Amino acid sequence: MLIFYFLLLVINAPSSGRYLYFRHAPIYDDSKAIHSSRCIYSALSALIGAPGSMVVTWTTFNKTESKVEYGLLGGRLFEMSAKGDATLFVDSGEERRKMFIHRVTLTGLKPAANYVYHCGSDEGWSDVFLFTALNDSSSFSPRFALYGDLGNENPQSLARLQKETQLGMYDAILHIGDFAYDMDEDNARIGDEFMRQIQSIAAYVPYMTCPGNHESAYNFSNYRNRFSMPGQTESLWYSWNLGSAHIISLSTEVYFYLEFGQELLFKQYEWLRNDLEEANRPENRAVRPWIITMGHRPMYCSDDDQDDCTKFDSYVCNQSPGLEDLFYRYGVDVELWAHEHTYERLWPVYGDKVYNGSRERPYVNPKAPVHIITGSAGCRERTDKFNPNPKEWSAFRSTDYGYSRMQVVNATHLYLEQVSDDQYGKVIDSIWVVKEKHGFSAWL
């Protein structure tokens, strides 16, 4: 028997709809599947620098062939196939559980075309899934769901996200750190179950990630092995392009877990500087004018929990080498964060000061980056409380469970909104960010 989970384009999703409506999902018992060849979850991720490509990731409990069969929707089923490789992952818990992480790259995909696929081998196949190949045009207007801090227990927003993904509302998912709570627990069985839970999202659209503090066990080993982000950094930091946006994913955790190597902090900073330098070349910024970052721990927040972001002199913001000056210097437009189990929208802010475009239209030609904190998707730690006296840069706050949506409409307009799951999907906040100019000169 094969037990599959799939990730498409950095997507991780559950293999069966039977998990869709559990608030506290059942734990999978693998005691009778030690020699199972079936995929336990599957997910998709984007392959950067290779238009028309998608990476499918899945896991089995024993070594099998890594194969994806696929075809155009409405055409001959599974008329194409691709093979990849499997990597042995040994969890560092007491049981030293073994699993094989399979990765297969699909190439030559037609932009915006719909494909059906399954993955596995002749020893067992996954369910059949569908995805839409990413549109590689810079005039494409991609739609995202964004959130962090989604757990295996109390995943309140999950059912709504699953349904909206399968309705075709999103082109990609941005999961901004903290998965499962925690993937290493119960000898990584919690990680297995979480990947199955999100399979009904991640097997259909690219599931793009960054690490959070809840992934830190055993030097982030479950995160580094289970996800397949672009680049050669074990998914810790990377960048990719979609529509008119250049999207950068980073690890804020290099500022906090120095025991895993202080050199990672400086290595990431150097990579960020080089990536931003390249993105700001006139020929590149003309094509992808929006620069959007995603990292787990915010630079600013007004939660009442004494986290790093509640302090003006936060590590992420100002600890040498801090990120705020770097992002400001290279004209980062929007910064997406999580970690705080709340939603908070900030006025354009730099150096702890507000730089609105104008009093009447603060997000039209703002003079500093726009920060969004979206960490209330739902987990066992529940939601956080706010400081009753926030600083002037705090524009809107909510403790409702929920998630954010974003659409990069064109070179000048970007739309953001917050969905409350507590209020049955009601949009409780929204803004348009309008920029006639991008880059450092936009601040002047």
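Compute the acute angle (0 to 90°) between the alpha-carbon long axis of helix 263-279 and the principal axis of greatest extent of the alpha-carbon atoms of the chain; round to the nearest 10°. The two axes meet at around 70 degrees.
When a/c reaches 1.5 or more, the comparison of a/b and b/c decides; with that in mind, is segment 121-194 rounded, prolate or oblate per its Cα gyration tensor? It comes out oblate by the Cα gyration axes. The Cβ shell under 13 Å around His175 holds other residues with a net charge of -2, Lys and Arg each +1, Asp and Glu each -1. Taking every protein chain into account, the accessible area of the chain amounts to 38 square angstrom per residue (probe 1.4 Å).
Computing FRET efficiency as 1/(1 + (r/R0)^6) for Glu436 and Asp136, where r is the C-beta to C-beta distance and R0 is 30 Å, gives about 0.75. If R0 equals 22 Å, the separation of the Cβ atoms of Glu360 and Arg329 corresponds to a calculated FRET efficiency of about 0.20. Carbon-plus-sulfur accessible fraction, the chain (probe radius 1.4 Å, protein heavy atoms only): 48%.
Among the listed options (i) 28, 59, 13, 0; (ii) 26, 54, 17, 4, 0; (iii) 28, 56, 16, 1, the one matching P(r) over Cα pairs in 20 Å bins from 0, in percent as calculated from these coordinates is (i). Against the chain, whose longest principal axis is taken from its Cα atoms, helix 185-202 shows a tilt of about 80°. Amide H contacts of Cys210: His175, Gly177, each under 5 Å away and 5 or more positions distant or on a separate chain (H built 1.01 Å from N in the peptide plane; Pro and chain starts excluded). So how tilted is helix 217-226 from the main axis of the chain? Cα-based, degrees 0 to 90, rounded to 10. Orientation of helix 217-226: about 70 degrees from the principal axis. Across the cross-link table entries Lys391/Lys435; Lys311/Lys426; Lys110/Lys163; Lys353/Lys435; Lys83/Lys110; Lys391/Lys437, which are compared at the Cα atoms, the separations over 30 Å belong to Lys311/Lys426. May I ask for the net charge around Ser430, where only other residues with Cβ less than 12 Å from the Cβ of Ser430 are counted and Lys, Arg are +1 while Asp, Glu are -1? Every neighbour counted, the sum reads +1. Reported to the nearest whole Å, the Cα centre-to-centre distance from segment 81-135 to segment 386-444 is 34.
The values are calculated or read from the model by the stated rules, or taken from the named source; none is laboratory data. What you are looking at is a predicted structure, and each value in this text was computed from that prediction instead of being measured. No Cβ is skipped: glycine too gets one built from the backbone with ideal geometry, and neighbour counts run over all protein chains shown. Remember, those area values only see protein heavy atoms, side chains included, never the ligands or the DNA or RNA. Shrake-Rupley method; radii C 1.70, N 1.55, O 1.52, S 1.80 Å.
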